[in-house]
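Structure, as C-alpha cells:
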Amino acid sequence: MTDAPLRILRLCDARPGHEKQSLGFVQGLKAHLPVACRNVQLYDRPGGALDRAALKHASDTSRADPPDLIVGAGHRTHLPMLWLRARRGGRTVVLMKPTLPIGLFDLVLIPEHDAAPAGLNVLTTQGVLSPIVDPSRIETDDTDVPAAGLILVGGINRHYAWHSRRVARQIGQVLRAAPQLAWQVSDSRRTPEDFPRALAEESEVPLRHWRDTGPDWLPRQLALVRDTWVTADSASMLYEALAAGSRVGIIELPTLRAGGKLQRGIERLDARGVIARSTETASLGATEPSATPPMQESLRCAREALTRFYPERL
C-alpha cells in the first residue's frame with residue numbers, strides 16, 4: 001500500500017446528469033483511499049464548443065504529475081479522454097455506454113438497462129451512478145419538524161409521453177395518501193410550462209422551481225426526506241434517491257417505445273422490490289415505498305476499478 005494519493009483527471013461536459021455520475025465515482029474512490037482530483041471543465045454549457053485551452057492546460061499540468069485515472073461521462077468527453085491518455089498516460093474510465101468502440105477504453109461502466117455487452121473491460125451497474133450522500137453530515141436545527149416527502153418532476157424526453165394533467169393527478173394521489181408528511185414538489189429544466197397550473201388544480205403544495213435551487217439542494221433534501229417520488233423519465237434523479245436511502249416511488253408515464261431502456265431499468269427495480277409504482281387508478285396503500293438499504297453503486301464500482309488497476313493501494 002502506498003500513501004500517495006490516487007491522481008484523477010475528471011472531465012466535465014456541463015451536463016448535470018453526466019457530472020453527477022463522474023462525481024459519484026470519484027467520491028466512491030475517496031471512500032477507499034486518498035485521492036487528488038482535478039476537474040477539467042471542457043465545455044461552458046451543454047452543446048457548447050470544446051474549450052481547447054482547458055484541455056491543453058490539463059495536459060500541460062499533467063506533464064510532471066501524470067494521472068492514474070481519467071474519468072468522464074458523456075460522449076463529448078470520449079475523445080479528450082483518449083487524447084489525454086495518449087499524451088500523459090493513465091487509465092480511462094467511461095461512465096455509460098460510449099459512442100466510440102468500447103475496446104478503446106480501459107474500463108467502461110454500463111447500466112444494465114443499456115444491455116451491456118460482455119467484455120473484460122466492461123462493468124455492469126444497477127442504473128447510473130450518483131453522488132454519495134451521508135445523512136450524518138447534513139446539519140439541521142429542525143429537531144421537531146414532521147417527516148418529509150419529496151416529489152421530483154422531469155418532463156419531455158424521447159422515452160415517455162408527457163401529459164402534465166396526468167402527472168399532476170398522480171401527484172395529488174400521492175399527497176393525499178400521506179398527508180402526515182411535509183411535502184415539497186420540484187420541477188426540472190424539461191418540465192413543460194403548463195405543469196404548474198395542472199399541479200395547482202390538484203394540490204396546494206407549492207412548486208419549487210429548479211432555478212431556485214442550488215447544486216447542494218437536492219442531495220440535502222434526499223438525505224432528510226422519508227419518501228421520494230420521481231417521474232419515470234427522470235433516471236438520474238431516481239438512482240440518486242435510491243443511493244441516498246430514501247423510500248422511492250415512481251410516477252408512471254406512457255412509454256413511447258415498449259421495452260425502452262428506462263422502462264427496463266424500472267422493471268428490474270420493481271422486480272427487486274426496491275421501488276413503489278403509482279398509476280391513476282392504483283391503490284397507494286398497496287404500493288407505498290418500502291425502506292431499503294442505500295444503493296451503493298458508486299462505492300462498489302470504485303472498489304472494482306481499484307481492484308482491477310491498483311490492488312496494492314487497497
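The values are calculated or read from the model by the stated rules, or taken from the named source; none is laboratory data. Just so you know, these numbers come straight off a predicted model, no measurement behind them. Neighbour counts are summed over all protein chains in view; Cβ atoms, including those assigned to glycine, are modelled from backbone coordinates with ideal geometry. Accessible surface is based on the protein model in full, side chains and every heavy atom, while ligands, DNA and RNA are left aside. Shrake-Rupley method; radii C 1.70, N 1.55, O 1.52, S 1.80 Å.
A Cβ distance below 6 Å, combined with a sequence gap of six or more or placement on separate chains, defines the contacts here; from the range 54-73, residues that are farther than 14 Å from residue 36 by Cβ reach residues that are basic (Lys, Arg) and assigned to a helix (DSSP H, G or I) in the pairs 59/87. Beta carbons closer than 8 Å, at least 6 apart along the sequence or on distinct chains, pair a first residue in the range 235-251 that is touching a residue at least 60 places away in the same chain (Cβ under 8 Å) with a second that is outside any helix (DSSP H, G or I) and aromatic (Phe, Trp, Tyr) for 249/229; 251/229. Among the residues of the range 208-254, those identified as touching a Ser or Thr at 6+ places or on another chain (Cβ under 7 Å), among the small types (Gly, Ala, Ser) and outside any loop (DSSP other than H, G, I, E, B) are 241, 243, 249.
Starting from residues that are within 14 Å of residue 238 (Cβ to Cβ) and among the aliphatic types (A, V, I, L, M), keep the ones in the range 117-134 and report whichever is surrounded by the most Cβ atoms within 10 Å (Cβ to Cβ). Among those residues, the one meeting the criterion is 129.
Quick check: anything in the range 61-69 open to solvent by 60 Å² or more (accessible area, probe 1.4 Å) and outside any loop (DSSP other than H, G, I, E, B)? Within the range 61-69 (the criterion being open to solvent by 60 Å² or more (accessible area, probe 1.4 Å) and outside any loop (DSSP other than H, G, I, E, B)), the answer is no, since none of the residues qualifies.
If you check 10, 15, 76 for being open to solvent by 70 Å² or more (accessible area, probe 1.4 Å) and touching a residue at least 24 places away in the same chain (Cβ under 8 Å), only one passes: 15. Would you check if residue 223 is of a type in the set (A, V, I, L, M), under 26 Å from residue 73 (Cα atoms) and open to solvent by less than 40 Å² (accessible area, probe 1.4 Å)? Taking the combined requirement at face value, the residue satisfies it. Say whether the condition of being assigned to a strand (DSSP E or B) and closer than 17 Å to residue 88 by Cβ is met by at least one residue in the range 41-57. Scanning the range 41-57 turns up no residue that is assigned to a strand (DSSP E or B) and closer than 17 Å to residue 88 by Cβ. Screening residue 288 against (1) in contact with an Asp or Glu (Cβ under 9 Å, 6 or more places away or on another chain); (2) part of a helix (DSSP H, G or I); (3) at pLDDT below 90; (4) open to solvent by 60 Å² or more (accessible area, probe 1.4 Å) leaves a single unmet condition, (2). Restricting attention to the range 172-220, the residues that are hydrophobic (A, V, I, L, M, F, W, C) and within 20 Å of residue 244 (Cβ to Cβ) add up to 9. So is residue 257 on the phi < 0 side of the Ramachandran plot, open to solvent by 40 Å² or more (accessible area, probe 1.4 Å) and either modelled with pLDDT under 90 or assigned to a loop (DSSP other than H, G, I, E, B) (or both) or not? Spelling it out, residue 257 is indeed on the phi < 0 side of the Ramachandran plot, open to solvent by 40 Å² or more (accessible area, probe 1.4 Å) and either modelled with pLDDT under 90 or assigned to a loop (DSSP other than H, G, I, E, B) (or both). Output the number of residues of the range 25-60 satisfying the condition of being open to solvent by 70 Å² or more (accessible area, probe 1.4 Å) and under 17 Å from residue 300 (Cβ atoms). So the answer is 1. Residues in the range 79-94 that are open to solvent by 40 Å² or more (accessible area, probe 1.4 Å), under 24 Å from the mean Cα position of the chain (by Cα) and over 16 Å from residue 7 (Cα atoms): 79 only. Consider residue 122 carefully, then state whether it is modelled with pLDDT of 95 or more, among the aliphatic types (A, V, I, L, M) and farther than 18 Å from residue 240 by Cβ. So residue 122 passes the test.
Taken together, 185, 205 contain a single residue that is β-branched (Val, Ile, Thr), at negative phi, part of a loop (DSSP other than H, G, I, E, B) and touching a residue at least 24 places away in the same chain (Cβ under 8 Å), which is 205.
A single entry from 170, 180, 184 fulfils the requirement of being of a type in the set (S, T, N, Q) and under 24 Å from residue 261 (Cα atoms): 170.
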